[in-house]
Amino acid sequence: RRFEEKHRKEIAAFKHHLAEAMQEEVRKAHLVFGTLDSIASHSAMRGARFGTVIIDEASQGTEPETVAAVVDRALNRVSLFGDAKQLGPVITQQNLFPHFKRMLSESYFACRLSSDSIPSVL
C-alpha cells in the first residue's frame, strides 16, 4: 500500500502507456474475436475498425447491444457464435413497450436462428 501511494504518478503513467500500446496493437488487427462486452466496451477498442468482428457468447446480447457493438467496428463481416438455449439477455425493467421488450429479452443471435433464412455470416 505504501508503495502504491509513493509511486502513484509512475503507476498512472505506466497504465496510460500500457493502454496506448494496447490500442495501437488492436488497431493493427484485421480481425477481432471477443465477447460482446469486450468488443463494445474495452478501452483498446475505442475508434478501432476491423474487416471482421467475431462475437462469442452472442446469445447474451440484446439486439441493440449487438448492433451498437459492431456498427462502427465491422467493415465487412460479423460472425456471431453462441448457444440460444443457454443464458440469454437479462432484462430487469418489466414495463417496456412489448416490441422493445421482445427485442431486449431475446438475443439477436436467437432471433436470427428463429428466422426463415439463417445466414452463416451476418
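The values are calculated or read from the model by the stated rules, or taken from the named source; none is laboratory data. Treat the numbers as computed from the prediction; the structure is a model and nothing was measured. Note: ideal-geometry Cβ built from the backbone for every residue, glycine included; neighbour counts use all protein chains shown. The accessibility values were calculated without ligands, DNA or RNA, using every heavy atom of the protein model including side chains. Shrake-Rupley method; radii C 1.70, N 1.55, O 1.52, S 1.80 Å.
So for segment 74-84 (the condition being modelled with pLDDT under 85 and open to solvent by 80 Å² or more (accessible area, probe 1.4 Å)), does at least one residue qualify?
Step one: of segment 74-84, the residues modelled with pLDDT under 85 are 84.
Add one more test, that the residue is open to solvent by 80 Å² or more (accessible area, probe 1.4 Å), and what stays is none.
No.
Closer than 20 Å to Arg112 by Cα, in a helix (DSSP H, G or I) and open to solvent by 50 Å² or more (accessible area, probe 1.4 Å) - does that describe any residue in segment 42-62?
yes
What number of residues within segment 63-73 satisfy the criterion of being among the β-branched types (Val, Ile, Thr) and either open to solvent by less than 50 Å² (accessible area, probe 1.4 Å) or under 11 Å from Ile39 (Cα atoms) (or both)? Give the steps one after another, and end with the answer.
Restricting attention to segment 63-73, the residues satisfying the condition of being among the β-branched types (Val, Ile, Thr) are 66-67, 70-71.
Checking the rest, the ones that are also either open to solvent by less than 50 Å² (accessible area, probe 1.4 Å) or under 11 Å from Ile39 (Cα atoms) (or both) come to 66, 70.
Total satisfying the criteria: 2.
Given Met45, Met22, which one is within 25 Å of Phe109 (Cβ to Cβ), in contact with a helix residue (DSSP H, G or I) (Cβ under 7 Å, 6 or more places away or on another chain), of a type outside the set (Gly, Ala, Ser) and free of Cβ contacts under 8 Å to residues at least 40 places away in the same chain? I'd like the intermediate steps shown before the answer.
On the way: Met22 fails: within 25 Å of Phe109 (Cβ to Cβ).
Among Met45, Met22, only Met45 is within 25 Å of Phe109 (Cβ to Cβ), in contact with a helix residue (DSSP H, G or I) (Cβ under 7 Å, 6 or more places away or on another chain), of a type outside the set (Gly, Ala, Ser) and free of Cβ contacts under 8 Å to residues at least 40 places away in the same chain.
One residue is enough: does segment 27-38 have a residue meeting the conditions in a strand (DSSP E or B), among the hydrophobic types (A, V, I, L, M, F, W, C) and open to solvent by 30 Å² or more (accessible area, probe 1.4 Å)? Spell out the reasoning first.
Start the filter on segment 27-38 by keeping residues that are in a strand (DSSP E or B), which leaves 31-35.
Subsequent filtering for residues that are among the hydrophobic types (A, V, I, L, M, F, W, C) retains 31-33.
Restricting the remaining residues to those that are open to solvent by 30 Å² or more (accessible area, probe 1.4 Å) gives 31, 33.
Checked against the condition, which is being in a strand (DSSP E or B), among the hydrophobic types (A, V, I, L, M, F, W, C) and open to solvent by 30 Å² or more (accessible area, probe 1.4 Å), segment 27-38 yields at least one hit.
For the structure I just gave you, tell me whether Ile11 is closer than 30 Å to Ala84 by Cβ, out of contact with any Cys (no Cβ under 6 Å at 6 or more places or on another chain), among the hydrophobic types (A, V, I, L, M, F, W, C) and at pLDDT 85 or above. Let's see the steps before the verdict.
Working: closer than 30 Å to Ala84 by Cβ: no; out of contact with any Cys (no Cβ under 6 Å at 6 or more places or on another chain): yes; among the hydrophobic types (A, V, I, L, M, F, W, C): yes; at pLDDT 85 or above: yes.
Taking the combined requirement at face value, the residue does not satisfy it.
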